[in-house]
1. Answer with yes or no whether B:Gly256 is over 25 Å from A:Gln25 (Cα atoms), assigned to a loop (DSSP other than H, G, I, E, B) and outside the structural domain of B:Ser27 (by TED's automatic domain parsing).
2. What number of residues in region A:335-379 are over 17 Å from A:Cys320 (Cα atoms), assigned to a helix (DSSP H, G or I), more than 10 Å from every other protein chain (Cβ to nearest Cβ) and in contact with a Pro (Cβ under 9 Å, 6 or more places away or on another chain)?
3. Of the residues B:Arg5, B:Arg62, which is charged (D, E, K, R), in contact with a helix residue (DSSP H, G or I) (Cβ under 7 Å, 6 or more places away or on another chain) and at pLDDT 95 or above?
4. For region A:247-275, give me each residue that is buried (at least 18 other Cβ atoms within 10 Å of the Cβ) and among the acidic types (Asp, Glu).
5. Look at region B:30-53 and say how many of its residues are in contact (Cβ under 8 Å) with a residue 12 or more places away in the chain, under 16 Å from B:Ala80 (Cβ atoms) and in a helix (DSSP H, G or I).
6. Using the structure shown, decide if A:Leu197 is buried (at least 16 other Cβ atoms within 10 Å of the Cβ) and over 30 Å from A:His295 (Cα atoms).
7. What are the residues in region A:134-161 that are among the hydroxyl-bearing types (Ser, Thr, Tyr) and either outside any loop (DSSP other than H, G, I, E, B) or within 13 Å of the chain's Cα centre (by Cα) (or both), if any?
8. Looking only at region A:9-24, which residues are within 14 Å of another protein chain (Cβ to nearest Cβ) and over 19 Å from the mean Cα position of the chain (by Cα)?
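The values are calculated or read from the model by the stated rules, or taken from the named source; none is laboratory data. Worth saying up front: this structure is predicted, and the values here are computed from it rather than measured. Backbone-built Cβ (ideal geometry, glycine too); neighbour counts: all protein chains shown.
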Amino acid sequence: MSLHEATTPAFRANARAALDNANLQAALRGSRGNFITKRARAREDLPEFDALRDRARDIKDHVLAHLDLYLEAYEAQVIASGGHVHWAETAEEARAIVLDLCRMAGAKAVNKGKTMISEECGINDFLAENGIAPVETDLGEYIIQLRGEVPSHIIAPAVHVTVPEIEAAFRKAHTHLDPDRDLSDLAALQAEARGVLREKYFQAEVGITGANMLIAETGHSVIVTNEGNGDLTQSLPRMHIVMASLEKIVPTLEDAATILRILGRSATGQEMSVYTTFSRGPRRPGDPDGPEEYHVVLLDNGRSNMLATPFQDMLRCIRCGACMNHCPVYQAVGGHAYGWVYPGPMGAVLTPSLIGVEQGGQLPNASSFCGRCEEVCPVRIPLPGMMRSWREREFEKRLTPAAMRRGLGLWAFAARRPRLYRIAARLGAGLLSRLGSKTGRIASLPFARGWTGERDLPAPQRGGTFMDRWKAARR
Amino acid sequence: MAGERNAMPERTVALFVTCLVDMFRPSVGFATVKLLEDAGCRVEVPPVQTCCGQPAWNSGDRENAKAIARQVIAAFEGYAHVVVPSGSCAATIARDYERMFEADDPWAARARALGARTHEITAFLTDVLGVTEVGQKAPVSVTYHDSCSGLRSLGIREQPRRLLASVAGLELREMAENDVCCGFGGTFCVKYPDISNVMAGDKTRNIAATGADMVLAGDLGCLMNMAGKASREGRAFRARHVVEVLAGDLATPPIGEAG
């Protein structure tokens, strides 16, 4: 998905369609609670978990305060280990750099580990348009690539797909296999994907991975995976390209270890992911394997503009997905409704930052501010507070819908004038109370269809407002 | 309870009744007053009160939010304690007011001072007054919904449960996902009714699964949402504000029922 294809302004319609999609709802209901239970158990098992969260937050804050310094140090280390760093200010620049590198490597096929930055840059479509075949090697990414979709979750990209849908996608794509084979369970599907992908590992000239962290002290990039696909992707082809955004920097290996301790636990409840892979530079003489060339594409794409704004804290994000796993809005509509690369609470803050509040402004509004995301965020990003900051920007820019502004304005006018408010409350309570006098509730109200469409409005008690009754009783 | 009352020094408490209780369910205000008076407090209701301003604040309208905050601060800062029968409105006063003003604005310090003295009712009774029992009897089974702001901004979880445990004959049956939003969320419920409705439906299903007679909570907004959804679905359980049970007011019809 590229910048131009964001359907974020249509969030409401997207959400409605998601709620009406029975397969999607089945998938969301099926996975609901799994991540939550696992994270809770992992947290219980590690007494210092919350203290580690504080440390991780402080590490990231420190990096963001000295980002230029750490980026330079990181670049120097990559160069010293024989690698190259390419700075991309925009997604377009990153695309062009990756294409150039692929052409340099004579690539016809590119294998990919899981990388959200490549999604942000729309790498797959771009490479395909230029005659290079991208192959996703993460099982979830592979499934959605076959289905022509984008990830609906930052760590579980195919969480919206049901097992029968995966089977259908595999039967359609893997026509060289026995049509009568049994694909009825997840294990069979995994085995088939492994077999198909295994061949592709040896065909690609370039492997693209993301990075969960970049270490300034050593020039390492770090990926965490559970399938081992990332390791094969980056060590078998002759060129390894790391695509990462610049806030992924941490100062030292020890800092990386601190963050790893909260990352797996927050994401999947694992103490550590199955694979945690550090890579630096190309294969050295005597190394048994590894790429001949090692390139890092460092993407800004609007992030440096977030520094020194109310949204800077968002750059602490380590992409664990805990916020969306715990978000009741995400659980209801899934990730695609958000309409751009990053869904859930972190997407609701990041998306307007990266594509503009005019495009992304729906997302920070689509929250009940329940605060569960902030409660579980491993680096304590105040997500609801930042969504509120976006709402303020929208209000200042007059992007808030006119009806909403008028309603709020009227209400605030009265709320600032207690005597007028008293009268309005008295009249309103009286009217609603009469409307609901028979049943104690109101089933339909023309100016409040948002409420009464799917629920009744409990009517005010008879006998007047509290303030009137208090005054009458006590004076 | 009577013994404790005599031991308690007389305190004056200002009641911030909240706009929803004022308009929709004054009995919650009176139940709150009763609980406070039973605990030895003298209750005053400053007449200059409308709403805490949360709708403006959460909609990005900082100017109106600040104006309403200044009004509340001026009207309530003379009291030793401000008590609110809502975790959400209490959190707005206790946590958000200070954030509305620039650090060097004198109103910021006044907001902070008021915030430190502002309490949700069940937290005030237990944490400040040390109330351990309310001396009531209610042969009902209840389930308790933890409203989001009270739970996460103010840390209210055990307080209402401790007080409910002191009600003779009352049985608390915890529901699944009792800490998950009911879908109210202030203006969220009318801005995104489709999503809000799904969240409300999940909530009423979890409530019904306990088989409890009624759902209790500390916030009228959430309660109206849950009660309104439940009556539309034809659910059997009732909804009440927790202070009604704690104050022994089961005579008033439940939320959304005619009396």
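1. Details: over 25 Å from A:Gln25 (Cα atoms): yes; assigned to a loop (DSSP other than H, G, I, E, B): yes; outside the structural domain of B:Ser27 (by TED's automatic domain parsing): yes.
Spelling it out, B:Gly256 is indeed over 25 Å from A:Gln25 (Cα atoms), assigned to a loop (DSSP other than H, G, I, E, B) and outside the structural domain of B:Ser27 (by TED's automatic domain parsing).
2. Total meeting the criteria: 7.
3. Details: B:Arg5 fails: at pLDDT 95 or above.
Result: B:Arg62 is the single residue among B:Arg5, B:Arg62 that is charged (D, E, K, R), in contact with a helix residue (DSSP H, G or I) (Cβ under 7 Å, 6 or more places away or on another chain) and at pLDDT 95 or above.
4. A:Glu247, A:Asp255
5. Number satisfying all stated conditions: 1.
6. Working: buried (at least 16 other Cβ atoms within 10 Å of the Cβ): yes; over 30 Å from A:His295 (Cα atoms): no.
Spelling it out, it is not the case that A:Leu197 is buried (at least 16 other Cβ atoms within 10 Å of the Cβ) and over 30 Å from A:His295 (Cα atoms).
7. Narrowing region A:134-161 to residues among the hydroxyl-bearing types (Ser, Thr, Tyr): A:137, A:142, A:152.
Scanning region A:134-161 gives A:Tyr142, A:Ser152.
8. Applying the first criterion (within 14 Å of another protein chain (Cβ to nearest Cβ)) to region A:9-24 yields A:10-22, A:24.
Matches in region A:9-24: A:Ala13, A:Arg16, A:Ala17, A:Leu19, A:Asp20, A:Asn21, A:Ala22.
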